[in-house]
Amino acid sequence: MKKLFRWLIILFLASSLLVVLSVGVTYLILKPSLPDVETLRDVQLQVPLRVFSADGKVLGIFGEKRRIPVTIDEIPDQLKNAFIAGEDARFYEHPGLDYQGISRAALSLLTTGEKSIGGSTITQQMTRNFFLTSEKTFTRKIKEAFLALKIERELNKDQILELYLNKIFLGYRAYGIGAAAEVYYGKPIDELSLAQCAMIAALPKAPSRINPITSPERALERRNYVLSRMLELNYISRADYDAALREPDRAMYHGAIAEISAPYVAEMVRAEALKLLGQEAYTGGYVVKTTIDSRLQTAAGLAVDQGLEEYDQRHGFRGPEAHVDLADKFRPEDWNEALAPFRPVSSLVPGLVLEVEDDIALVYLRNGQNIALMLEDMKWAAPFISRDRKGKAPKTVSDIMTPGDIIRARLHDDGNWKLAQLPEVESALVSLDPSTGDIKALVGGADFARSKYNRVTQGKRQPGSSFKPFVYSAALEKGFTVASKINDSPIVLEDSELERAWKPQNFSQEFYGPTRMREAMVNSRNLVSIRLLRDIGIEYARNYITNFGFQLDELPANLTMALGSASLTPLSMARGYAVFANGGWLVKPRFIEEIRDASGEIVYQTRPSLICEECTQNTEIEVEEEPVAETNAPAFRPLDLEPGVEGLDVIVNNPDKPPLDSEPAANLAVRAISPQNAYLVRSMMMDVVRRGTGVRAMQLGRHDLAGKTGTTNDQRDAWFSGYNDKLVTSVWVGFDNHEPLGRQELGGRAALPVWMEFMAVALDGVEDKPPKMPEGLAQAKIDPESGLLAAPNNPTAIMEIFQAGRMPPMQQSRTGVNQDVPAEEDPYQIY
């Protein structure tokens, strides 16, 4: 027995030595292929591109992987405990390998011949996620074990758990617990209930197959298992356990959460970031801060929605979107299935008509709500016949809809649901700060999901009469005054640039004879604009108008330019109007303020335009702005928003370039026109708002607004561009296919209400401060009939503004004709 015992000891020691030697040899063989654990200290998780407004609201998230990194201190204890209970109960006790778990797995393999029980710890799973594959081979398991032991020596338990909970795949492109909480429950991790924590902790086992969306019953079983383990380990009480078991799971897929609806802006940023950063933009954790004001952006979206709805309802009801047979559909599940193909658009919710009576309809909405629509909620729904005609107003609800119809409803501010329909017409709105060029709000269309075409930057349309202020500015520069009289009478033009004789008319098809320039602007007289352009010269005007940021090849080389026949984007129009708003300076539109990397360092930064009367582009000045982090970059480079629109000045962190010697120069605005010219044009456009085609804007109750309506032939485009000192906003309404909007759909009816709805919110709290008259202008009384300086005894005289040295002659008689100046020498003669 002693010999046998001695031999057993020798055998045990020899076997142990052999195991140690085998492990040592295996480690030496595998060591060259094992990654450096030290890289985990500086691990870069693949975090998507995140886009924020200037005030910190999320506008969009882009990237194949959804991930929201969190620190160990930010993770609730019950979420940490749920993972430990479900995946590795001895996590804080073992050295990286759980020998009890390994023994159970080995016993199962020996008795069944199958690898059915896993013995992996959280450390091993993290090792696999960061360094290895998921293939089930002994080589991979051995590498995994070596690395797990090594990681436990290099990192503490909390560091390991933090990396694991941020890296692990949890289904539906969600990587890490932060993304999983958002994807499944639409909330941050600190708002999860105990049952929801357990459900997320149940996902690692088979996240693609067993999750609460694709396999709710099996996922619920796994959740309850995690809860039972938490109870066994004394992480929760029996009362907590019972309450969590009773809690129904309401997981559903939540897309990337945007706090503010700005899909066109987010897409602009995505495209720009991809151009600057390459594919790393989607994974590098970059954060983009835009110039967008979230309050103004929300107001812009609502204004466009409301304006398009009002336009759509003026032209009648086009009928239900679809019809289903309700004969075999009695349950909400059936109704949901019928509504599934119809997604909500903006505030328009799809609904299924269940019952109809003379004055009421019962409608089941896709959001699960039952509502009643009264006849008074759909009085607008006369049948659509054409853009210029609609049928008789409905007398009963059954004139409009029948059971089984798929319709739209919208919840109004008064708390009532009303019948609506998807608008076919499109719109664009852009608003910018005229002193910096910062874009504060941008809506590129009615529905981004329906059309990603950005009409603000890509949609080149004719601006119609909203282009006239640029022509009038050129005329003032050429020597005309706001009191100059131009004949508003019929004209026939033969022009080599035009295919046939052109007989332009005013919209009213009436002629008003000699008209002062101010009144021509106020009433948008077409023939006055044409004669002005002809007098100052087309080429002169084209070259002058490029000062407003337009490209020469965008401007027609014929007299139609006077009526806005150029094809221009709303952004370029807003930029041009900003020159009038800021006193004559051309600023550069920008929508990106800065881009930071995952560590918070600035890697790209743009500068706002700076208006400085004493500066030139070559003058070094101090700019009160956060200094740029050290970069290896050229000072500035342009980024084209669209062909013909000047872009952004961007500092680029490029290691291939030599370092900068000093801070890049300021982004100085360019003097485009004189402040006197800008003020005179503004004064005319203020009268457009006070008593002209834009008079509806006076409902805002302000005295500092200026703007101009625009309507093209056959009402194919409706515009309103307007401003005060703080904000310039351009609105366009039309059809992408250039169909006419309808006989009465002028700029003042189709576009101006959208502008007003937005500006009412945007200017709330902004001081109503009319512009200050610059030096070099003077006021004098004129005779309104002749446009000449009024005689002292003229009882009808009115006050007018003139540039110094450009006063008209004194009225010599009540006929309004200057008797001292021969007609052929009078620069203000009637044409």
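Accessible surface for C615 stands near 30 Å², nearest 10, in the context of the full protein assembly shown (1.4 Å probe).
What shape does region 676-808 have by the C-alpha gyration tensor, where a ≥ b ≥ c are the square roots of the eigenvalues, rounded means a/c under 1.5, and otherwise prolate means a/b greater than b/c and oblate the rest? All intermediate terms of the calculation are to be shown ahead of the outcome.
Details: a/c = 2.51, a/b = 1.67, b/c = 1.50.
Prolate is the answer for region 676-808, as a/c is 1.5 or above and a/b outweighs b/c.
Phi angles across region 722-739 convert, under the Karplus curve 6.51 cos²θ - 1.76 cosθ + 1.60 with θ = phi - 60°, into 3J(HN,Hα) values of x, 6, 9, 4, 9, 8, 10, 9, 10, 10, 10, 9, x, 9, 4, 8, 6, 5 Hz, Gly and Pro given as x.
Taking all C-alpha pairs of region 312-466, those more than 23 Å from each other amount to 48 percent. The distance between label points at T402 and D768 comes to 5.4 nm (points 7 Å beyond Cα on the Cα→Cβ vector). Taking all protein chains into account, the per residue accessible area for region 351-506 stands at 41 Å² (1.4 Å probe). Among the protein heavy atoms of region 257-346, carbon and sulfur supply 55% of the accessible surface, probe 1.4 Å, non-protein parts ignored. Of the trypsin sites (Lys or Arg not before Pro) found in region 492-582, the ones in coil according to DSSP and having at most 12 other Cβ atoms within 10 Å of their Cβ are R500. Accessible area ranking (1.4 Å probe, heavy atoms, ligands and nucleic acids excluded), largest first, for M759, M268, M374: M374, M268, M759. With every protein chain in place and a 1.4 angstrom probe, the accessible-area ranking of T127, T283, T214, largest first, reads T214, T283, T127.
Relative contact order, percent, of region 332-409 when contacts are C-alpha pairs under 8 Å separated by at least 6 residues?
Values: 128 pairs, mean separation 25.4, N = 78.
This gives 33 percent for region 332-409.
For the residue pairs K440/K708; K390/K503; K65/K187; K80/K289; K478/K708, the C-alpha atoms sit more than 26 angstrom apart in K390/K503; K80/K289.
Scanning residues 5 or more positions from A409 or on other chains, those with amide H under 5 Å from its amide H are V349, G351, A420, with H placed 1.01 Å from N in the peptide plane. A straight Cα-to-Cα reach below 23 Å connects K395 with the lysines K379, K418, residues fewer than 8 places away in its own chain not being considered. Taken over region 698-750, the convex hull of the Cα atoms encloses 71 Å³ per residue.
Across region 315-324, coupling constants 3J(HN,Hα) worked out from phi with the 6.51/-1.76/1.60 Karplus curve, θ = phi - 60°, read 10, x, 8, 8, x, x, 6, 6, 9, 10 Hz, and Gly and Pro carry x. If you sort the three axes of the alpha carbon gyration tensor as a ≥ b ≥ c, you get a/c of 1.5 or more for region 493-565 and a/b no higher than b/c, which makes it oblate. Would you compute the Debye intensity of region 188-347 from its alpha-carbon atoms alone, equal scatterers and no solvent, and pass along log10 I(q)/I(0) at q = 0.09, 0.11 Å⁻¹ to two decimals? Debye curve over Cα of region 188-347, log10 I(q)/I(0) at q = 0.09, 0.11 Å⁻¹: -0.61, -0.85.
Only protein heavy atoms count here; under a 1.4 Å probe, H254 has an accessible surface of about 50 Å². Taking all protein chains together and rolling a 1.4 Å probe, D736 ends up with roughly 70 Å² accessible. Amide H contacts of F317 (H built 1.01 Å from N, in plane; Pro and chain starts excluded): A382, F384 sit under 5 Å, all sequence-distant by 5 or more or on other chains. Residue by residue, region 789-801 carries 3J(HN,Hα) couplings of 4, 6, 5, x, 9, 7, x, 9, 4, 10, 7, 9, 10 Hz when phi is fed to the Karplus relation 6.51 cos²θ - 1.76 cosθ + 1.60 (θ = phi - 60°); x denotes Gly or Pro. Placing E614, E554 in order of accessible area, with the largest value first and a 1.4 Å probe, yields E614, E554. The chymotrypsin sites (Phe, Trp or Tyr not before Pro) of region 321-390 that meet both conditions, a loop assignment by DSSP and at most 14 other Cβ atoms within 10 Å of the site Cβ, are F330. Prolate is the label for region 366-411, because a/c, from the alpha-carbon gyration tensor with a ≥ b ≥ c as root eigenvalues, is 1.5 or above and a/b exceeds b/c. When Rg and the Kirkwood Rh are both derived from Cα coordinates, the Rg/Rh ratio for region 395-452 amounts to 1.18.
Residues of region 750-778 with amide nitrogen under 20 Å from the 7 Å Cα-to-Cβ point of Y453? Output list for this probe position: 751.
The values are calculated or read from the model by the stated rules, or taken from the named source; none is laboratory data. Here the structure is a predicted model, which means the values were calculated and not measured. Neighbour counts run over all protein chains shown; Cβ positions are idealised from the backbone, glycine included. We work out accessible area using only protein heavy atoms, side chains counted, and drop any ligands, DNA or RNA first. Shrake-Rupley method; radii C 1.70, N 1.55, O 1.52, S 1.80 Å.
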